[in-house]
Each structure stands twice: as structure tokens, then as C-alpha cells.
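**Student:** Take a look at the following structure, please.
Nothing in this text is a laboratory measurement; each read-out follows from the coordinates by a stated rule. Remember, predicted model here, so these are calculated numbers, not experimental data. As a convention, Cβ positions derive from the backbone with ideal geometry for all residues, glycine included, and neighbour counts pool all protein chains shown.
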Amino acid sequence: MRPENGEPLSLYLAVSRTTVSAVLVKDHQGSQHPVYYVSKSLVDAETRYSHLEKLILALVMASTKLRHYFETHRIHIKTNYPVKSVLRKPELSGRMAKWSVKLSTYDLIYEPRTAIKSQALADFVADFSSDLQPEVDLEVKLLDEDIGEWTFCEFQATNNEAEYEALIAALQLARDMNIRNLHVFVDSLLIANQFNGSYMTKGDKLAKYLEIVKDISGYFYNFDIAQVPRDENAEADALANLASSLRIPEDINIPILHILRPAIDMQDIDQDNEPENTEVHHSEAHEISWTIPIKNYLQTGKIPDEETNPRAFKAKVSKYTIIRDILYRKSISGPYLRCLEKPESLEVMKDIHEGDCGNHTGGRALFSKILRTGYFWPTMRRDAMSYSQKCDACQRHINILHQPAEPLHPIVSSWPFMKWGMDIVGKQLKAPGGKVFMLAMTDYFSKWIEAEAFVQVREKEVISFIKRNILTRFGIPAEITCDNGSQFICKRTTNFCESWGIKMITSTPVHPQANGQAESSNKIIINNLKKKLGSKKGKWAEELPFVLWADRTTTKNATGQTPFSLVYGSEAVLPTEMVIPTARSNLQNLESNKEILSEDLDAIDELRDIARIRMATYQQKIAKSYNKNIRIRKFQVGDLVLRKALQNTTNPADGKLAPKWEGPYKIDSEAGKGAYKLTNMEGEPLPRSWNAIHLKYSRRRDETLCLNPRSDLKSELDEDPALTLCLAAKDPPNSGLVASIPALVASVPALVASGLVASIPALVASIPALVASGLVARLNFKDTWEYHEILGDIQV
């Protein structure tokens, strides 16, 4: 029967083991009339859904096929099961969450079932078939109960191995609870019969698992294992289906046991950690080699037990051959490549990179040279890059970095004469009176320059200049920015500034990034002096006042005004106006001129506000252009760095062979805006802070990134671009850091949330403890990253 527009309809659902169906019903004159019937046969994956998932699947299927009815009618879902509450749970799985979002777009009302008033709907008397009813009731019951503990394996395992892992975890839990009498029911016939001796145990792994189970079972007074048929194990199946379809929200506290390593591996680790076996453990760790599985297969035809893809293993090993008991790899374009162990590879890299025939080439060239020479190991490309980067001679003689290391930080002055930049220019040609130095100060707001020539610039001259040219003419400034010259940072000068309430700000050595205004003013004065003096360079001190006057009456791009107008409110009268009078100088009388000057003084605040806005816009444009070419270099406290070698720190006897970088130094603290405080390796602080443009990372060979020996072959055979890395200390056998690092990047949020670490710096400091405790499993990254750069990029 066709429904009317906007008429409410009812929907009945039915679920069996292999199909789901739905019927859309219209109520008319006290009876129910079918409108449309839809059904779907479940595919293999869908048959393993939980029963409640199948019921919701029937609803989703009906909404898809009968979309035009769902969009134009209110649908009453007739079901006795908590479909609505399941769809609204925060712990929905991926597909359940998608279904919930899809169904939320329709006008659905969930109501309990009522008596069906039509014989045609006899198949929809119940939501589930009679054979599924007990399982569904149990699943609904478990849905509302408190689930004790969930166990997840974080490694690849076969079905039988997973069954053993679950059994061992349960036995350990019972042992920790001091339970002495235990009856175990499993649905694995293999495990039950292997423990009882009915089945023979084949395979080294299963034999080890069985041995662990028997060892733990000796703790109990009464212990037995019985196999339960799958049809009688409905409760466990319902719980498993429920766990696979729900995710755990953060606000629900459900204990979860994550098994990071197989039980048989943990047993080996426990045995190896015993004092009497320490030496044996170290000797075995050194004997681990990526070539052993290949040699064993080529000699005996035996595939390693841990190999999950034998076919791919055979195809990859076909590239290798054994000649005179030495493993070689077949090369595509050259002779056979001799396969090297780690000690041999280090010796080859050292000899080719820095030996008699070595020229300290880069990583790619070193890799190519080793390959052409006739050697091979799985990680040679990455090892060559790492070895070249950590070469001390290469680091000290690498080219100087000219890219800015920090974004431009414009200095903003709120009012005239608030901030001044101070600098010394010299040594110039000797002027009359023996003057060879020039001391200049520039106002950051108006760009007004005050400068004077001196025979020598000491703290006495600096204090006198500030008094005569700044304090008595423009008032007391708030800040004066200067470099680290001895005249500026001496005690007498700093005490003078403190007595007048002036804040002295010093820029970083050599590169006065914070004093760019003073440097710009010096450049303008020197360029104008060059053009005015011609061949009479010794008269620069006499021409200095005229150069300053010319600059003060010139419009600046930053403000759009002249410094003179921003200071006095009107433009200065130039000498040219006296020769050829202008309207301002010729047509104005004394009274009108006085009136105009008064108006200019009243409007000077507006003029300065316009200049301030224009200057802020100008600085933004400059910063945008400057920041296009930056390469930010951030350092953390404790990082080792090299510092650019300066003229006063290099040995003059070295000449052109002097290194370009010196160090290493350690980052002691951050001074702000790309500047850092340094200490030497003895812990003695270096004077003043240093800008990041003068620093670069120092890489040491005693803290290198290397492949986990167990994963060398697998990474090479699987051609996995993400390499499994581990931190090798100076003394690997005794450091405890040779074990693989846990999925550190992926587990950072969980580690921070669990309270194991408080922050990223705390995480860096706790890496050895995390590795030793086994809380982390493996860390994957690109092979060109550095260890400190990886930790710096982690976002929690």
C-alpha cells in the first residue's frame, strides 16, 4: 500500500545467521499493510559481526535501499533491543560510528515491539531467529556489565600462539591473586590435548609455550585444562565480538593488558638477565648477524621460523651466493659484492672516508664509492650518510650557513626618543685633531641621528655624548640598544644608565640582530660621506654635521616623513630656499607663519600616529620578505653545538687551513629570540649569548643511530623504507640501550596521559628507563633524521 506524504511508517527488522531483512509497514484502519520489503545476504566478514551489529546493519541496509521513504517520512523502529543506546555509546567502533552518523540524518523513533496485526508479517514476529535468541540475550547482558580486563597482543602471532598467550596471561593473573585451585576451560582442542599429552607438540615455538604453561601450572595445588566446544562457549564469543566492535573512551576506566612481546621472548630475557648468564648473553648479542639466515638457507635450505613470507624470502635470498664460505650479493651492473658484518663495515667506511685514499666525501658519494669498491650490507646507504654527518673533521670544515636561523623580530617604538640604537664606526682615516672614530645614536621612531667624531671612544666619551646629545636635548630615553663593546658594557657606563633609569639592551656578539637600526644609520652616514668628500677623505669629521642635517630633512620610507618634521612638527628651511625663495619663505609674514606653526604643533600627534601605522606596515612587509628565506634552527638545553670560528678565536698560524667551526659546546639556556647561552665541555659558561645563525648541531659517533641487529635482514628483504632504529651507547653491552626502542612516537600521548612522563623534556630524560623497562617497543622514522630533531618534532 502506498503511503501518503508525511505519513509516519513503522519498520520491523529480522536477523538470522546468514541474512538480515526489514519490512516497512503502514498502519491503516487498525491493521498493518506492508509497503516495501528488503533483505541482504551476509558476506563472510559480516557473518562474524556481533548480533547487535547485524541488527543495526539491517537498519542501515533498509535506510540505504529505502532512502526516499526515510527522507520524507518519520520512521518508527520496532525493536525490543537497545539499538538506540548502542548507537549513542561513545565507545563505538569505526563502522558503528559511521552507521550512527548516517542514521542521525533521518527522523527515527525507536519503540518496543507491539503485536503484529498482519499475517503477511509473520516472519518479523521477533528480531532474531530462535537459534540466535540465547546468544543475543547474553550479548545484551554483557553490554551493560563491567568488563574486568581486556588483553591485546601488540605483535604478530598465529591463532595457536595467540591462544597460548591468552592462557599464560590468565595463569599469571591467577597466580598473582594467590589462587591455588584452578580449572581452565579453553576452546582450543590443540592446547588442551598438548597439555594433557594426547597430542605431540611440533615446532620450537609451541614447545616453548607449552613449557611455560607447565611451569606456571606447578604453582597450583589442583590444576587441569578442559576443552569446551565452540557452541557451548557463547559467553566468551559474545565478549570477543563486543570487544572487536567497541573502542574504549578516555573517560571509562577498563584495565587493559598489552602484551608487547611474546612470552617465550620474555622468558629468554629473564634468563639472560640472571648474573650467571650475563657473559653468555653479551657474547650471543655480539654473534647476531644478518647473514646467518641467508647462509643457513643457502647451505641447508632451512627457512627461519620467524619468517612470515617464505616465498618472498626465497626470492630475495636468490640474490646471494656463497663462494669459499664467504657470502656475496649478486650485483646488477658490477662484480659480486662481499657482504660485511658490522665491525667490518665500520672499518671499510673509516678507511674509504678518512684513510689514505679518503677525501671526506659526503654520504651519497661515500655510499657510491663503497658499492663500486665491492662491498654490501643492508643498511650501507644510511650508515654512510650517518658516518659522514658525524665525522668531526667534516663538521668543523663544512661551509658557513648564511640562511637566517630565526624570523625577523621588528623593534617597535611607541613614541619619539623612547628607544635609541648606539654604535661605533671606525677606524676611519685620521681627521683634523686625530679623530678616527664616530659614535652614533639613532631614534627608532623618528629615525633622528646624533653622531660625533672622537679620537678614541671610551666609557668617558660614551657617557659625555649621552649627556650632551641625548639627555639635555631629547630627555631621558627608556632603552638604549648597543652591541657588546667594552665601552658599552663596562661597569661605569651601566651604573650611569641605571642611575638615570635607562635600560641597556645588548645584542648578540658579532651579529647585532637586535641593533639593526644603528647598523642601517651607520651605512647611510658612511655612504653620504663617500659621495660628499670625493678625494678629500680626511675631512669626514668636518662634513659630518652637514651629512646629519641632510639625513634629518630627507623623507624616510618607513615613516613617510622626515625626521625633522616628526620631531618639530614642521619641515626645516633648506639653504636652497634662501637662494631661490619658495612660497613658504617669500609669501608668509611673521604673524601668519606663527599661526601655521601653531597649527602644525597641534596636529603633530596625528602626524606621528600616521607615521607609526605606516612604520608598522613597513616592518611587516620587510619581515614577510625576510622570513621567506629562513631556515629555523631550534636547540634544546643540553644539545651539543659547534660555533662559527671568528677571527679572534682562530689560530693565525693556521692561515687558510683554519677550521670554520669550533667546539663542541653545550646549550646551557635559551636567551630568547634565537639566542642561547653556551658552556664548554667542562661546564664553564661562555661570556654573553650567541645567535643561532652562528651555531650548528654537533654529531658524535658515540651516540649513533643504528639498526637493531635482529631487524637488519627483515628491513632489507622487505624493502621497508621506514627503518627500525635503536640508540647505541658508547658501551652497548653494558648500557642496556641495545634493545629495540618501543613505539615511542605513537605512544607519546599515552605515556603522557598515564603520568609516566610529564612533558617532552621529561620524556627525553626518561628514554633509557623506558627502554630498559620494556614499555616501548620500536621506533620508526626516515633515515635522514637526527635523534634530537625527532624528539623536537613530537607533538603531544
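**Student:** To one decimal place, what Kirkwood hydrodynamic radius in Å is obtained for the range 450-507 from all pairs of distinct Cα atoms? Before the final figure, lay out each step's value.
**Tutor:** Details: mean 1/r = 0.0855 Å⁻¹.
Hydrodynamic radius (Kirkwood, Cα only) of the range 450-507 equals 11.7 Å.
**Student:** Turning to a different aspect of this structure: Classify the range 364-421 from the C-alpha gyration tensor, please: rounded if a/c falls under 1.5, else prolate or oblate depending on whether a/b exceeds b/c.
**Tutor:** Prolate shape, in that a/c is at least 1.5 and a/b is the bigger ratio.
**Student:** Here is a follow-up. Work out from phi, with θ = phi - 60° and the Karplus expression 6.51 cos²θ - 1.76 cosθ + 1.60, the ³J(HN,Hα) of each residue of the range 197-212, listed in order in whole Hz, and give x for Gly and Pro.
**Tutor:** Once θ is set to phi - 60°, the couplings for the range 197-212 become x, 6, 10, 7, 8, 10, x, 5, 5, 5, 5, 5, 4, 5, 5, 5 Hz.
**Student:** Whose amide H sits under 5 Å from the amide H of THR19, counting only residues 5 or more places off or on another chain, with H placed in the peptide plane?
**Tutor:** Sorted by chain and number, the residues that satisfy this are LEU42.
**Student:** Just to confirm a number: summing +1 for Lys and Arg and -1 for Asp and Glu over residues other than THR442 whose beta-carbon lies under 9 angstrom from that of THR442, what do you get?
**Tutor:** Result for the local shell: -2.
**Student:** Which whole-Hz ³J(HN,Hα) couplings does the range 553-562 yield from phi under the Karplus relation 6.51 cos²θ - 1.76 cosθ + 1.60, θ = phi - 60°, glycine and proline marked x?
**Tutor:** 9, 10, 5, 9, 5, 5, 10, x, 10, 7
**Student:** Which ³J(HN,Hα) values, rounded to whole Hz and listed in residue order, are derived for the range 669-678 from phi using the Karplus coefficients 6.51, -1.76 and 1.60 in 6.51 cos²θ - 1.76 cosθ + 1.60 with θ = phi - 60°, glycine and proline given as x?
**Tutor:** 6, 9, 8, x, 6, x, 10, 9, 8, 10
**Student:** As a footprinting exposure proxy, order SER414, SER368 by other Cβ within 10 Å, with the fewest listed first.
**Tutor:** SER414, SER368
**Student:** Further, regarding this structure: Suppose each label sits 7 Å from its Cα in the direction of the beta carbon; what would the ASP215-ARG95 distance come out to in nanometres?
**Tutor:** 4.1 nm
**Student:** Just tell me which lysines come within less than 30 Å, Cα to Cα, of LYS65; anything on the same chain fewer than 8 places away is out.
**Tutor:** Counting by Cα, and skipping residues close in sequence, LYS65 has these lysines nearby: LYS26, LYS40, LYS54, LYS78, LYS84, LYS89, LYS98, LYS102, LYS117.
**Student:** Could the peptides 673-684, 551-562 be put in order, highest first, of the mean number of other beta-carbon atoms found within 10 Å of their residues?
**Tutor:** Per-residue Cβ counts within 10 Å, averaged per peptide and sorted highest first, yield 551-562, 673-684.
**Student:** Starting from 0.36 nm per residue, how many nanometres of slack lie between GLN620 and GLU46 once their C-alpha separation is accounted for?
**Tutor:** Full extension from GLN620 to GLU46 adds 200.7 nm.
**Student:** What shape does the range 530-571 have by the C-alpha gyration tensor, where a ≥ b ≥ c are the square roots of the eigenvalues, rounded means a/c under 1.5, and otherwise prolate means a/b greater than b/c and oblate the rest? Could the numbers behind the result be given before it?
**Tutor:** On the way: a/c = 4.61, a/b = 2.44, b/c = 1.89.
Note, shape of the range 530-571 comes out prolate.
**Student:** Hey, another quick one. Work out, step by step, the length gained on full extension between THR472 and GLU498: first 0.36 nm times the residue separation, then minus their alpha carbon distance; give nm to one decimal.
**Tutor:** Values: separation 26, 0.36 × 26 = 9.36 nm, distance 1.71 nm.
7.6 nm is the gain from fully extending THR472 to GLU498.
**Student:** If you don't mind, another one. Sort 5-18, 467-480 for me by packing, meaning the mean count of neighbouring Cβ atoms within 10 Å per residue, highest on top.
**Tutor:** 5-18, 467-480
**Student:** Also, I was wondering about something else. Would you grab the residues whose amide H sits under 5 Å from the one on SER129? Only those 5+ places off in sequence or on another chain, please, with H modelled 1.01 Å from N.
**Tutor:** Amide H to amide H, under 5 Å and 5 or more residues apart or across chains, SER129 pairs with VAL15.
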